[in-house]
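Okay, structure first, notes after.
The values are calculated or read from the model by the stated rules, or taken from the named source; none is laboratory data. Computed from a predicted model, the values in this text were never measured in an experiment. Positions of Cβ are generated from backbone atoms using ideal geometry, with glycine treated the same way; all protein chains shown enter the neighbour counts. Just so you know, the surface numbers come from the protein's heavy atoms only, side chains and all, with ligands and any DNA or RNA stripped out. Shrake-Rupley method; radii C 1.70, N 1.55, O 1.52, S 1.80 Å.
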Amino acid sequence: MQEREKKVSFEKLSPYLYYHNHNRKNIINTNYSEMIEYILGGVLAFLVGFFVFYSSSSQKNDIKKNKVVTVEENESVDDSVGENNGEFKSKSKEETDVIIVGAGVAGAALAYTLGKDGRRVHVIERDLTEPDRIVGELLQPGGFLKLVELGLGDCVEEIDAQRVFGYALFKDGKNTKVSYPLEEFQADVAGRSFHNGRFIQRMREKAATLPNVRLEQGTVTSLLEENGTVKGITYKTKNGEELKAYAPLTVVCDGCFSNLRRSLCTPKVDVPSCFVGLILENCELPYPNHGHVVLADPSPILFYQISSYEVRCLVDVPGQKVPSLSNGDMANYLKTVVAPQIPSQLHVSFISAIDKGNIRTMPNRSMPALPHPTPGAILMGDAFNMRHPLTGGGMTVALSDIVLLRNLLKPLQDLNDASSLCRYLESFYTLRKPVASTINTLAGALYKVFCMSPDEARTEMREACFDYLSLGGVFSSGPVALLSGLNPRPLSLVCHFFAVAIYGVGRLLLPFPSPKRLWIGARLISSASGIIFPIIKAEGVRQMFFPATLSAYYRAPPVN
C-alpha cells in the first residue's frame, strides 16, 4: 500500500481539516495571506493595549454584567451497566482492530467512538472500579461540544453534574465575573463540573454496550515490537496471568503516569506545583454556576461545585513538595496561610473540611507533545500531552484529539499496512496543534501570571490581567473564549496576552511617566515575552501558527 501526498483545495480536504464547533465552524487557516494576518495581529496587540487603557476609565462603570440564565435538564439516559465485579462483560471475541491501553476519559471516549464506527476494539484498563481523583472535574464548553459530537453528551447526565457559565475572579478584596460567550449556542451548551470517577464510569458503561468493544481489567507491561513496528501489547490479567494481544493499531492513553510513553515520544515532564484538594459541603459559592479563582499569595486557589451539595477546593502549592499531612503541617498551612485569603462566605466550610482531615494532594504536570511517529501505535491523552490544570483544558484537548483521529481513520477499511498508516497519521500531530497548543499555552501562561512574584514587573502584569478581564466586553469574552475552547486560535491568544501587557504599561506611564515607571514597563514587556515565548517554542512555532506550511497537513489516506 503506497501513500499519496498531494495538495488539494481546502474544500476537498473535509473531514480532515475542519475543526467542528457544533453550531459554528472554526477553520484552520490554510493560505499564506493569513500568515500576514498573524504578523499584523502581533503589532495590533500593542496598539490595542493603549486603546484599552484610555477607554477603560470611562467604560468601567458602565459595563453591565451578563445575566446567567439557567436551563432545565431535559436529557435522559439508559442506566444499563455492563459491569460485573469490577470488570465489564466481554461483548466480542473476534479479531481486534484497535487495542486501547487505558480507559480513562480519553480511552473510554475513544473506545466508544471507534466501536460505534464498526471497529473491533479491545480496551485494557488497570482498574475498572470507579476512579477517585481531585482533577479532571471541570469540562469546558468547548469540550462539552466535542463530547456531544462523539455521541457521549448523555454521559454528563445522571451524575449530578453542575452547569458552569463562567468564572469569578477574586483579588485583594475585589472581585469580577466573566461569562462564557454562549449566545450563539443552544441552551444546553455550557461547562460541566462533576465527580471525575462518575463521569468516567458513565463513558465506560456506554462503550461496553457496543458488541464489538471489549473492556478487560489488566495491567499492560510492554508493547510488542517487531522490526520497529508495534504489533500489540503484553499484559497481566487481574488474576495474574500474562497474556499477549495483537492488533494493527495500538492506542496508548494510560494517563499522566504512563510507563509506555518513552518508546513513543520524548517525555519532558515539568512539575511546577501541586494541588491540595478538599471538598466543602453544604455551602454556597458567591457566584452560583461559576468557577471561582482566588489570586492568592503565593498562587491561585480554585473553587467549583462538583455536585448539588459539594464544592471542590484546589489550593495550588508551588514546587514539588507540599507541607506534611501526617504531622499537621498541611492543616496548619491551610488554616493560617490560605484561609484568610478565601471569600468570607466559604471560610466556615473551608475550616470544617480541614478538620475532617480528608486532604488529598496531586502533582501538576505539564508536558509538550513531542511524538516519535511509530508504525502500529499512537499516543493520546495525558500520556501524550499535559498542561497545568488551572484552566481545566485537559479533557477539551483529549476529546478534540479523538474527534480528529476518528475523522482521519473513518475512510480506512484496513489498518494493517502499518508503515503507510503511520505516515498518514503524522497529519494528526499537525492538525491538532492549533487547538491543543492554544489551550496548552494559555494554561502555562495564566498560571505564571496569576502567581505572586517578588518581581515588580510581574506584579504589575498580574494586576493588569485582573483589571483587563474586569473591563468586560471583548476584553473578557475574548480570553474566556480561548480558555473555554470555543475559540482555540493561537493568534487571538497572542493578541490578548500582549494587549494585557501593554495595558499594564499604559497604567504605569499615565498620567505622568517617570524613569522608574519606564523601567518597570520595559521589564513588564520583557517578562511577558519571557512567559509566553518559551511555551510557544516548546509547542512549535510553525506547527502552532502555520500548520498549512507542513507537508503532513495535506496528507491523504493511504490506498488499500
- On alpha-carbon atoms, Rg over Rh for the range 133-252 using Kirkwood Rh? 1.13
- Item | Per-selection metrics, the range 275-428 (Cα): Rg and Dmax in Å | 20.9, 62
- Protection proxy ranking, peptides 337-345, 274-282, average beta carbon neighbours within 10 Å, highest first: 274-282, 337-345
- Residue-normalised value, i.e. accessible area per residue, for the range 270-366 at 1.4 Å probe, in Å², stands at 42
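Counting only other residues whose beta carbon sits under 11 Å from that of Glu460, what net charge do I get with K and R as +1, D and E as -1? Please list the in-between numbers first.
Values: positive: Arg458, Arg462, Arg507, Arg517, Arg523; negative: Asp455, Glu456, Glu463, Asp467.
Summing Lys/Arg as +1 and Asp/Glu as -1 gives +1.
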- Query: Which ³J(HN,Hα) values, rounded to whole Hz and listed in residue order, are derived for the range 161-172 from phi using the Karplus coefficients 6.51, -1.76 and 1.60 in 6.51 cos²θ - 1.76 cosθ + 1.60 with θ = phi - 60°, glycine and proline given as x?
  - Reply: 5, 10, 6, 10, 10, x, 10, 10, 10, 10, 7, 6
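Normalising by the residue count of the range 270-366, find the relative contact order in percent from Cα pairs under 8 Å and 6+ residues apart. Mind showing how you got there, number by number?
Details: 164 pairs, mean separation 41.4, N = 97.
Reported as a whole number, the value is 43 percent.
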- Task: May I ask you to evaluate 6.51 cos²θ - 1.76 cosθ + 1.60, the Karplus curve with θ = phi - 60°, for each residue of the range 231-245 and list the ³J(HN,Hα) values in order in whole Hz, giving x for glycine and proline?
- Result: 9, x, 9, 10, 8, 10, 6, 5, 8, x, 6, 8, 10, 10, 10
- Item | Most to least packed among 446-459, 494-507, 146-159 [average Cβ atoms within 10 Å] | 494-507, 146-159, 446-459
- From zero up to wherever the largest Cα-Cα distance of the range 442-523 sits, split into 10 Å bins and tell me the percent of pairs in each. 18, 49, 27, 6, 0
- Taking Cα pairs under 8 Å and at least six residues apart, what relative contact order does the range 486-560 come out at, in percent? 27
- In whole percents, the bins of 10 Å from zero upward hold the Cα-Cα pairs of the range 270-366 as 16, 53, 28, 3
- From the backbone phi of the range 466-471, what are the Karplus-calculated ³J(HN,Hα) couplings (6.51 cos²θ - 1.76 cosθ + 1.60, θ = phi - 60°) in whole Hz, Gly and Pro given as x? 4, 5, 4, 5, 6, 5
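What accessible area per residue, rounded to a whole number of Å², is obtained for the range 172-259 using a probe radius of 1.4 Å?
Values: 3700 Å² over 88 residues.
I get 42 Å² per residue for this part.
Round to a whole number: what % of the accessible area of the range 433-559 belongs to carbon and sulfur, probe 1.4 Å?
On the way: 2860 of 4250 Å².
It is 67 percent, rounded to a whole number.
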- Query: Of the cross-linked pairs Lys177/Lys516; Lys146/Lys321; Lys335/Lys433; Lys268/Lys448; Lys410/Lys433, which ones have a Cα-Cα span greater than 30 Å in the structure shown?
  - Reply: Lys177/Lys516; Lys146/Lys321; Lys335/Lys433
- Query: If packing is taken as the mean number of other Cβ atoms within 10 Å per residue, what is the order of 198-209, 304-315, highest first?
  - Reply: 198-209, 304-315
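At a 1.4 Å probe radius, carbon and sulfur cover how many percent of the accessible area of the range 270-366? If you can, show how the numbers build up before the last one.
Values: 1950 of 4050 Å².
Here it works out to 48 percent.
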- Note on the structure: Over all directions, the range 160-226 yields a Cα convex hull whose mean projected area in nm² is 10.4
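How many Å² of accessible area per residue for the range 433-559, probe 1.4 Å? Each step should come with its number before you reach the end.
Numbers: 4250 Å² over 127 residues.
Ligands and nucleic acids excluded, the figure is 33 Å² per residue.
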- Keeping the other protein chains in place, figure out the carbon and sulfur percent of the accessible area of the range 95-176, with a 1.4 Å probe. 40
